[in-house]
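For reference, the structure discussed in these notes is given below.
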Amino acid sequence: MSESNVLVSPPISSGQGSSAPNAPIKLGVMASGNGSNFEAVAAAIADGRLNAKIQVLIYNNPQAKAVERAKNHGVPAVLLNHREFDSREALDAKVAETLKQYDVDWVIMAGWMRIVTQTLIDAFPGRMINIHPSLLPSFKGIRAIEQALASNVKITGCTVHIVTLEMDSGPILMQAAVPILEGDDADSLHRRIQVQEHRILPAAIALQAAKETVLAPT
Ligand code: GRF
């Protein structure tokens, strides 16, 4: 494990659940690539749309651009390279341990291009959120945008959902529709889908956080 930008030592975990009413929810973000969704969450926090704090970014690909974004926002970034682990479970056990070390309450998979196992789901039951570039339950799995183009549908979009063991199948929190236009290719369509992703991912997190505040025992 290497930490590219340690600004603070990992806090001692106080367990799940935010400590005080209206306390920011503590997020751990997992990303493999560009990190534009990380940026959208960070921007929503910065401008007050989302009462949260990103405790840590976990990335599995040393080239992930998300790292630069984390640095710019003063968020510690931890590399857990899947190639250095013997199994998916071993990687997920280390991911879970790291998220706990950083006192994370909610886990956001923002372009984490790995299949997650029960090991990680059990560590954050019902508290892992994923963003997927299709209107689920259509076009699960990889190349969702190419799948939509190949199927000739006229509308696709993006979905924010709770992570369960079955890939891209957990309870849906929020969706946005995106029309497929004449002449669209995967890049042009992905760009328009991402505009919507950047709206609904922070909004869905905020909704979950609000539910937690309202429903929290006093
Ligand atoms: C997004 O399109 C998301 O739906 C998918 O991976 C992509 C990540 O994009 N799961 P970015 O790295 O946040 O820019």
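The values are calculated or read from the model by the stated rules, or taken from the named source; none is laboratory data. Just so it is clear, the structure is predicted and the values come from calculations on it, not from any experiment. So basically every Cβ, Gly included, is an ideal-geometry build from the backbone, and we count neighbours across all protein chains shown. Just so you know, the surface numbers come from the protein's heavy atoms only, side chains and all, with ligands and any DNA or RNA stripped out. Shrake-Rupley method; radii C 1.70, N 1.55, O 1.52, S 1.80 Å.
Pairs of lysine residues in the chain that meet both criteria, 8 or more places apart or on different chains and Cα atoms under 30 Å apart, total 24. Each of Arg49 and Asp185 was given a label point 7 Å from its Cα along the Cα-to-Cβ line. The distance between the two points is 3.0 nm. For the chain, the residue among Cys158, Pro137, Ala96 whose Cα projects farthest onto the positive side of the dipole built from Cβ charges is Cys158. In this label model, Val195 and Leu165 are separated by 4.0 nm, measuring between points 7 Å along each Cα→Cβ vector.
Computed over neighbours whose Cβ is under 12 Å from that of Arg191, the net charge equals -3, Lys and Arg +1, Asp and Glu -1.
On the chain, 55 percent of the accessible area sits on carbon and sulfur atoms, based on a 1.4 Å probe. Average projection, convex hull of the Cα set of the chain: 11.9 square nanometres. If you take all other residues with their beta carbon under 9 Å from the beta carbon of Gly35, and give Lys and Arg +1 and Asp and Glu -1, the sum is 0. Counted by Cβ distance under 11 Å from Thr119, the other residues give a net charge of -2, where Lys and Arg count +1 and Asp and Glu count -1.
Which longest uninterrupted range of the chain lacks any GluC sites (Glu not before Pro) assigned by DSSP to a loop state (not H, G, I, E or B) and surrounded by at most 12 other Cβ atoms within 10 Å?
Longest site-free region, per DSSP loop and neighbour criteria: 1-165.
The stretch 89-111 and the stretch 42-59 have Cα centres lying 16 Å from one another.
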